[in-house]
Every structure is written in structure tokens, then in C-alpha cells.
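K.L.:
There's a structure below that I have some questions on.
The values are calculated or read from the model by the stated rules, or taken from the named source; none is laboratory data. This is a predicted model, so every value here is computed, not measured. We place every Cβ from the backbone using ideal geometry, glycine too, and count neighbours over all the protein chains shown. Quick note on the areas: whole protein, heavy atoms, side chains included, nothing else; ligands and nucleic acids left out. Shrake-Rupley method; radii C 1.70, N 1.55, O 1.52, S 1.80 Å.
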Amino acid sequence: MAAIPSPPATDAMAATPDSPATAPDDEPRVELERFLPYRISVLSLAVSQSIARLYSERFGISIPEWRAIAVLGNYQPLTANEICERTSMDKVQVSRAVGRLVGAGLLLRQTDRNDRRRANLRLSARGLRIYRDIVPLAKACEARLLSALTPAEQSELDRLLHKLQARARDLCGEA
């Protein structure tokens, strides 16, 4: 992972080559390497990119495309809005991913008979084969990552992640 360059030093934040720039005592600071949201984001990106290498090279699909395929593999049929809700991707990402997947013949789009504005999405036979090929690769990558933890630590991590996700949902509702 490439180092993030430090901002230039100012009079208020003088830095020497041996010491990092620091904010004056009366200014709030954040040490990114200890800031939980940043650390989770960096971890998420690294894990997503490692799994993406597996399916990108072999199947030519992107991270948003894989997420759409994965959620459809478990819950199809879904609308684009439902994919957004289940993956936490924004509408533009999902729209682009769905468009590419439909164009590649991996997804089928069918207009809802009861609501013509709504389209149900399903994996095509080819999309389902790709889903079934990728799942063991993704699970193996997950197992390699989790092998750094004991089974007890894995259970605790799962419990803590559920707790943080619930709190994050609460915070979003408060905003």
C-alpha cells in the first residue's frame, strides 16, 4: 500500500524530517492510522481488491458487478433499488454494473407486470455459472484472511462487527 504524503508544514505545524507535523494543542487532530472508520475502510479496500483480482482476471467483472452477481445469487429476483439496499452501493454504481452485466449476457431484466416502472433482475444461466465458480474462490480468500485469527477470535470479530453495524445504522438514522 502506498504511503499517503504528508501536507506541507506551516508555521503552526512545523515538522522536521525526524518528527511528524502536529497540530497545535488547541486544535482537534485525528491520527488516521488509529481512526477506526479509516482503518475499516483501508481493510475493506484491501480485502475487496484481493478478491477482485481473482474474478477480474478470470471473468472480466468489476467489484460492483461481482457484488450485484453475489446478491442476486442469493436473493433473486431483485430490482436495482433492492441491490442498492443489500450491497450499500449507490444507485449510479448499481445502474452501471447492471447495464454492463445485462450487456454481457450475465443478467436478465424483466419488466414487472404490475408496475411497468420496475424491472426484476435475475442471473442468466451464464451468470449463475460464474457465480458458482466465484463463490469457492471468494470463500477461500476469506478463509485465508481469517486464518490470522483463532476460532474464538473469529467468533468475537463476528459479534463485534454485528454490534458496530447496528450502531452505524442507528447513527445514520439520527443524522
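K.L.:
Residue by residue through segment 133-153, note down the ones that are under 20 Å from the mean Cα position of the chain (by Cα) and of a type outside the set (Asp, Glu).
P.N.:
Residues satisfying the conditions are Ile134, Val135, Pro136, Leu137, Ala138, Lys139, Ala140, Cys141, Ala143, Arg144, Leu145, Leu146.
K.L.:
State yes or no: is Gly127 at positive phi and in contact with a helix residue (DSSP H, G or I) (Cβ under 7 Å, 6 or more places away or on another chain)?
P.N.:
Working: at positive phi: no; in contact with a helix residue (DSSP H, G or I) (Cβ under 7 Å, 6 or more places away or on another chain): yes.
Spelling it out, it is not the case that Gly127 is at positive phi and in contact with a helix residue (DSSP H, G or I) (Cβ under 7 Å, 6 or more places away or on another chain).
K.L.:
Something else: So which residues in segment 25-63 are aromatic (Phe, Trp, Tyr) and within 21 Å of Arg96 (Cβ to Cβ), if there are any at all? Walk me through it before giving the result.
P.N.:
Step one: of segment 25-63, the residues aromatic (Phe, Trp, Tyr) are 35, 38, 55, 59.
Passing the criteria: Tyr55, Phe59.
K.L.:
May I ask you to verify whether Leu160 is at pLDDT below 95, of a type in the set (A, V, I, L, M) and open to solvent by 50 Å² or more (accessible area, probe 1.4 Å)? Give the derivation first.
P.N.:
Numbers: at pLDDT below 95: no; of a type in the set (A, V, I, L, M): yes; open to solvent by 50 Å² or more (accessible area, probe 1.4 Å): yes.
Spelling it out, it is not the case that Leu160 is at pLDDT below 95, of a type in the set (A, V, I, L, M) and open to solvent by 50 Å² or more (accessible area, probe 1.4 Å).
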